[in-house]
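The values are calculated or read from the model by the stated rules, or taken from the named source; none is laboratory data. These numbers come from a predicted model, not from an experiment. Please note: Cβ atoms are built from the backbone with ideal geometry, for glycine as well, and neighbour counts cover all protein chains shown. Calculation scope for accessible area: heavy atoms of the full protein, side chains included, ligands and nucleic acids excluded. Shrake-Rupley method; radii C 1.70, N 1.55, O 1.52, S 1.80 Å.
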Amino acid sequence: MGNGEKGGRFAAVLCLLPALYLIAIVIYAVLNSAEYASGIARITRYVLVPGFMALCLLFVALRVKGDTRLVVGICASSLFATLFAFEAYLTVKSLPARLGMFGVVSETTETGQFRQNIPPAYTIKRLNNEKGIQTLDTAMLSPLTEGDIFLCSLNGQPVSYQPDRYGFRNPDTVHDGDIDVMLLGDSFAEGFCLEDGHDLASQLRKDIPQLMNTGHRGAGPLFELAVLGRYGPYFKPDVTVMAFFAGNDWKNLQREEEMPWLAPALEPGTDFGVIARSGPQIEAARQHMDQWWDGTTLSWRDYLRKQRVFRNFFALQKTTEVMGLHYPKAAEPNPVYGQVLKRAAEMVEQWDGELVVVYIPTISRFVGMLPQDFVHDPLRNMVRDAATQADLQMIDLTEVFEAADEPRLMYAADAHFNEKGATVAAETIVRSLRQRGLLN
């Protein structure tokens, strides 16, 4: 075999490798068409453009001869090698925040004081699912009241809070008087990885001292409806604020619809259960949490087992986020969300309360070299339409964040609110409630 023939094959390989990578993108998008190949923007981004680039490289590899094929192959391979090198840099840079979300701590850090309650990266919803709960009245809807709750870790040290008498993140003194506002939501409401006093609920209490926060990580709209159904009639808040996080609440709702113990929350006359938990119920939950604690080492190995690190790396997820080309999964219309809001509105009407929806945008909306509002707005519009059809008011944090010089600075490295974001969100909510006559 001559040197020319060897060089030609080498040039062809240099073209084929990036072509095969691009073809893999197209195949993955087509196999997951509902999320990545629906709508003009996603079809163009994940199918047409990489498909066209792959065809061009295949044509060069198979039909073009000489130095042209070698130059194209070197340029294409060098480009992708650079992109993967940059992705590796961004992945390593993001590791401290990602490890913190899973509560990874140093080997010398003592965590025994947290073992009486739920471990980090676990949820009450998961507890019910793994225990095989079938009816809503027997389900746990909040953590236990014993022991501090381990939220996350910062620089290898735990961030935690002491739950109130019902298992939620509140100063227990809140329950010494009537509740004016109840906050429903997920980790954004819970105040993920923020110390006491810096989280959203704490910021809201500066103007609403009698605010009860029921937020818990992993909660979706149907779970929040269940929380409202159990605790709302007991506390009868004047205003109930239901937060919707654009990052995962739509997907959470789809999963919650399939949970037999949660689905009845939409039905009239459902038994939501009592707020007091029985001894056997507490003991069963504690035993299950002990199993979770025994199965976790709070180390980076746990993180790698539970996250799609390598898939995201090969997808160049962080690099495309910087470029503004990583689009969120498409959200298909789901009438169940509208049903959740209508059911929640019916509940609060029983004690002459008011229900308000708060829309929380994702940090990905505000990062990237290229604008990408057009891929985020469809979900935002569906949430707004559902609120309108339920005759509810929606507080949209998107507009306030967009007005800031750098909206991404409202978020921490783990993509949740930092203290600044929690403060701006709280100020916006309070101002909107006052403008609508729902708050003094």
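For the range 14-115, the helices (runs of 4 or more DSSP H) that sit wholly inside it and include 3 or more residues that are touching a Pro at 6+ places or on another chain (Cβ under 7 Å) and surrounded by 14 or more Cβ atoms within 10 Å (Cβ to Cβ) are 67-101.
Of all residues in the range 225-257, those satisfying the criterion of being of a type in the set (D, E, K, R), open to solvent by less than 30 Å² (accessible area, probe 1.4 Å) and either within 15 Å of the chain's Cα centre (by Cα) or modelled with pLDDT under 95 (or both) are Asp249, Glu256. Looking only at the range 67-87, residues that are in contact (Cβ under 8 Å) with a residue 40 or more places away in the chain and over 23 Å from the mean Cα position of the chain (by Cα) come to 12 in all. What about Arg126, is it open to solvent by less than 30 Å² (accessible area, probe 1.4 Å) and not β-branched (Val, Ile, Thr)? It is false that Arg126 is open to solvent by less than 30 Å² (accessible area, probe 1.4 Å) and not β-branched (Val, Ile, Thr). Restricting attention to the range 365-395, the residues being closer than 29 Å to Lys206 by Cβ, buried (at least 19 other Cβ atoms within 10 Å of the Cβ) and of a type outside the set (A, V, I, L, M) number 3. Among the conditions (1) buried (at least 20 other Cβ atoms within 10 Å of the Cβ); (2) assigned to a helix (DSSP H, G or I); (3) in contact with a strand residue (DSSP E or B) (Cβ under 9 Å, 6 or more places away or on another chain), the only one that Ile118 does not satisfy is (2).
Restricting attention to the range 396-415, the residues that are open to solvent by 20 Å² or more (accessible area, probe 1.4 Å), within 19 Å of Leu183 (Cβ to Cβ) and within 16 Å of the chain's Cα centre (by Cα) total 0.
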